[in-house]
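Structure first, then comments.
The values are calculated or read from the model by the stated rules, or taken from the named source; none is laboratory data. Just so it is clear, the structure is predicted and the values come from calculations on it, not from any experiment. Cβ placement follows ideal geometry from the backbone for every residue including glycine, while neighbour counts extend to all protein chains displayed. Ligands, DNA and RNA are stripped out before the accessible areas are found, and what is left, the full protein with its side chains, is counted by its heavy atoms. Shrake-Rupley method; radii C 1.70, N 1.55, O 1.52, S 1.80 Å.
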Amino acid sequence: MTDASPRIIELHEPSGGSARVTAHGGHVLSWRPAGDSERLFLSPDSRFDAGASIRGGIPIIFPQFGAFGPLPKHGFARTRLWTVGETGPQHATLILEDDAETRQIWPHAFRVSLQVRLSADQLTVGLQVDNTGEGDAMRFTAALHTYLRVADISSTGLVGLANHRYWDATADCADERQAAPVLRFVDELDRVYLQTPHTLTVDDGARRTNVEQQGFADTVVWNPGPAKAAAMDDMPPDGHRQMLCVEAAQVGQPIELPPGQRWRGTQVLHRVV
Ligand code: TA6
């Protein structure tokens, strides 16, 4: 009998910080900076069975964000079993390549590699996509769908998006512009902010986390609000209160990657206090 459970990789750094990554979806499940408590939200009701998407942590969205295309919502990377590559005490590399199943719904040869690196105050997550085919360019959208843990969403603010355009997914993707300097959360909020700055700050009144990104042009901000959270079968009824998704994303302008070429995007989570 073979053990089919996906491998879990534990990372530790010398001053006590830790992170946990699973080969299921190439998914970061946990991040604790040194001397601190958990900074990622992972739903206690999440499913982990083969083919399920995990509710929380950092789902990898590839090769399609949301319903912006013909593939299953958010693509297939988050539900597949990845291969574990080079790992060490503070870093891990996971790899996903095309196979007969992926080529059936997305006819491209690719190699996606996820690099996770831990230091005392930081978690760096890099997503690298290679077009390993010889034919056409491949077109994709992608995101690191990071669920940050917050003390309470009602006292949480997100700073850095003032004056930026966004598509409001709760209003047929209406094109809007962020007016308030601090984004607050009173109900469901689901927005693709376009061409966003390098650093945003999440402040929940007790802790502050900088969310930095490179390579990804956009940032998706999502909280399901009370009604949607209550209707989700993998989230406790009030689970939305403890989470805020701030996602390094490439949605507005899909990547066109010619054969032999590489694209790379990174998100850095940095504990401020
Ligand atoms: O990134 C925001 C979003 O696209 C929302 O529209 C919301 O549906 C969320 O992702 C979660 O999607 P999921 O398929 O994981 O339930």
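With a 1.4 Å probe and all protein chains kept in place, how do Arg177, Arg32 rank by accessible area, largest first? Write down the numbers at each step before the final one.
On the way: Arg177 145, Arg32 105 Å².
Most to least solvent-accessible, the answer reads Arg177, Arg32.
Normalised Debye scattering of the range 136-175 at q = 0.26, 0.29, 0.34 Å⁻¹ gives log10 I(q)/I(0) of -1.12, -1.07, -1.03, counting only Cα atoms as equal scatterers and leaving out solvent. A 1.4 Å probe over all protein chains sorts His145, His12 by accessible area into His12, His145, starting with the largest. Rounded to whole Å, the principal axis extents of the Cα atoms in the range 109-174 read 50, 40, 19, largest first. Scalar couplings 3J(HN,Hα) for the range 71-77, obtained by applying the Karplus form with A = 6.51, B = -1.76, C = 1.60 to θ = phi - 60°, are 7, x, 3, 6, x, 10, 4 Hz; x denotes Gly and Pro.
Rolling a 1.4 angstrom probe over the protein heavy atoms with all chains in place gives the range 130-273 an accessible area of 43 Å² per residue. For Leu42, the residues whose modelled amide H falls within less than 5 Å of its own, excluding neighbours fewer than 5 places apart on the same chain, are Gly57. Remark: the range 102-113, residue by residue, has Karplus-estimated 3J(HN,Hα) of 5, 5, 5, 9, 9, x, 9, 8, 8, 9, 10, 10 Hz, where x stands for each Gly or Pro and the curve is 6.51 cos²θ - 1.76 cosθ + 1.60 at θ = phi - 60°. For the chain, taking Cα atoms only, Rg and Dmax work out to 17.8, 58 Å respectively.
Annotation: Asp49 carries an accessible surface of approximately 90 Å², with a 1.4 Å probe and no ligand, DNA or RNA atoms counted.
Against the criterion of solvent-accessible heavy-atom surface with a 1.4 angstrom probe, Ser30, Ser119 sort, most first, into Ser119, Ser30. Along the charge dipole of the chain, which of Ala206, Ile61, Pro107 sits closest to the positive end, that is, farthest toward it, with unit charges on the beta carbon of Lys, Arg, Asp and Glu (+1, +1, -1, -1)? Farthest towards the positive end: Ala206. Its Cα centre serving as origin, the range 1-142 has a Cβ charge dipole (Lys and Arg +1, Asp and Glu -1) of approximately 340 debye.
Provide the packing ranking of 160-173, 63-76, i.e. peptides ordered by the mean count of other C-beta atoms within 10 Å per residue, highest first.
63-76, 160-173
Mean separation of Cα pairs under 8 Å and 6 or more residues apart, divided by the residue count, gives the range 193-273 a relative contact order of 38 percent.
Across the range 196-208, computed HN-Hα scalar couplings (Karplus, 6.51 cos²θ - 1.76 cosθ + 1.60, θ = phi - 60°) run 8, x, 5, 10, 10, 10, 9, 10, 9, x, 10, 10, 10 Hz from first to last residue, x flagging Gly and Pro. Look at where the Cα atoms of the range 59-86 and of the range 104-172 average out, and the two centres are 10 Å apart.
Distance from the C-alpha centroid of the range 227-254 to that of the range 201-226: 12 Å, rounded to the whole angstrom. Taking amide H as placed 1.01 Å from N in the peptide plane, Trp82 has its amide H under 5 Å from the amide H of His24, Gly25, Gly26, each at least 5 places away in sequence or on another chain. Amide hydrogen proximity for Val182: with H placed 1.01 Å from N in the peptide plane, no residue at 5 or more positions away or on another chain lies under 5 Å. Considering only alpha-carbon pairs that sit under 8 angstrom and 6 or more positions apart, the relative contact order computed for the chain is 19 percent. A viscosity of 1.306 mPa s and a temperature of 10 °C, combined with the Kirkwood radius over C-alpha pairs in the Stokes-Einstein formula, give the range 76-221 a diffusion coefficient of 90 µm²/s.
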